[in-house]
Amino acid sequence: MSEESSIKKFMFVNRKPPHGTIYALESLEVVLITAAFDQDVSLVFLDDGVFQLRKGQQTKGIETKNFSPTYRALDGYDIEKLYVEKESLDARGLTEDDLLVDVMVLDRKALGALMDEQDVVLSF
Amino acid sequence: MKFGIVVNEGPYQHQASDSAYLFCKAVLEKGHEIFRVFFYHDGVNNASRLTEPPQDDRNIVARWSKLAEDHGVDLVVCVAAALRRGIKEENLAPGFRISGLGQLVEAGIQADRLVTFGD
């Protein structure tokens, strides 16, 4: 297999709130490993998944790890393609200013088109 | 076609592991190849040899083991997810092996289709 063909487009779709279940944290672990394999990585946040990027998370009271600072470290792993669904933000009264990293806000239709271009879509 | 399979939910609690197993069987019956089945999140509980369902129910763990034995399917359990949930070499069912998340990424790269079962 040539080097060219071993790079695939991996998209990680995050749909769940950051705490209460472990999906968000374990998704982040796969994202970092995939980047270490020099793949083309992008992340999407939609539905309650948009809360994963919410500024000012405080988890002491629920005795769980606040891993949200990790999202800020993603560009250090050359993960720069972060997309957030506009409809999901709107439905939750959130704007881009409420998020702790720079993202591209796309509407549902545009996101769908982007998913169509991927080789691998993993939804957590 | 070469398939990669991801199982993200535990046995009995969720339909995902039943669906994944039946999908794997169908894939093989149609003459396709399974590159690997990767167990992540609560999916790692599919690999516990301590599972003892009632006699009149399907044995989900044993079914996976038989799939590995009969068809040489590579069943890989994520080490970090497994340790979190108490799955270790000592209680690993036959046919499974414990390895890292790189095995999931490799399945994504090598397979023609990566099919996920879970929420």
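Are any of the residues in the stretch B:11-26 part of a helix (DSSP H, G or I), open to solvent by 10 Å² or more (accessible area, probe 1.4 Å) and among the charged types (D, E, K, R)?
Residues of the stretch B:11-26 that are part of a helix (DSSP H, G or I), as a first pass: B:16-26.
After this cut, where a residue has to be open to solvent by 10 Å² or more (accessible area, probe 1.4 Å) as well, the list is B:18-19, B:21-23, B:25-26.
Going one step further and asking which of them are among the charged types (D, E, K, R), we end up with B:18, B:25.
The answer is yes, given that some residue of the stretch B:11-26 is part of a helix (DSSP H, G or I), open to solvent by 10 Å² or more (accessible area, probe 1.4 Å) and among the charged types (D, E, K, R).
Restricting attention to the stretch A:1-22, report how many residues are within 9 Å of chain B (Cβ to nearest Cβ), touching a residue at least 12 places away in the same chain (Cβ under 8 Å) and surrounded by fewer than 21 Cβ atoms within 10 Å (Cβ to Cβ).
4
Could you grab the pairs with beta carbons closer than 9 Å, sequence gap of 6+ or different chains, first residue in the stretch A:23-36 and on the phi < 0 side of the Ramachandran plot, second one basic (Lys, Arg)?
Listed by first residue and then by second, the contacts come to A:23/A:15; A:23/A:16; A:24/A:16; A:25/A:65; A:26/B:84; A:27/A:16.
Do any strands (runs of 3 or more DSSP E) entirely within the stretch A:38-124 hold 3 or more residues that are away from chain B (no Cβ under 14 Å), and if so, which? Step through it out loud before you land on a result.
On the way: elements: A:40-45, A:81-85, A:104-106, A:120-123.
It comes to A:40-45, A:81-85, A:104-106.
Given (1) part of a loop (DSSP other than H, G, I, E, B); (2) open to solvent by 60 Å² or more (accessible area, probe 1.4 Å), where does residue B:83 come up short, assuming only one miss?
Unmet for residue B:83, out of (1) part of a loop (DSSP other than H, G, I, E, B); (2) open to solvent by 60 Å² or more (accessible area, probe 1.4 Å): (1).
Go through (1) without any contact (Cβ under 8 Å) to a residue 40 or more places away in the chain; (2) surrounded by fewer than 20 Cβ atoms within 10 Å (Cβ to Cβ); (3) within 14 Å of chain A (Cβ to nearest Cβ); (4) not small (Gly, Ala, Ser) one by one and return the number of the condition residue B:55 breaks.
Failing condition for residue B:55: (3).
One residue is enough: does the stretch B:89-100 have a residue meeting the conditions within 14 Å of chain A (Cβ to nearest Cβ) and part of a helix (DSSP H, G or I)?
Going through the stretch B:89-100, the residues within 14 Å of chain A (Cβ to nearest Cβ) turn out to be B:99-100.
Narrowing the set further to residues that are part of a helix (DSSP H, G or I) leaves none.
No, there is no match, as no residue in the stretch B:89-100 is within 14 Å of chain A (Cβ to nearest Cβ) and part of a helix (DSSP H, G or I).
The values are calculated or read from the model by the stated rules, or taken from the named source; none is laboratory data. Everything numeric in this text was worked out from a predicted model, so none of it was measured. With ideal geometry, Cβ positions are generated from the backbone for all residues, glycine too; neighbour counts draw on all protein chains shown. Side chains included, ligands, DNA and RNA excluded: accessible areas come from the protein's heavy atoms. Shrake-Rupley method; radii C 1.70, N 1.55, O 1.52, S 1.80 Å.
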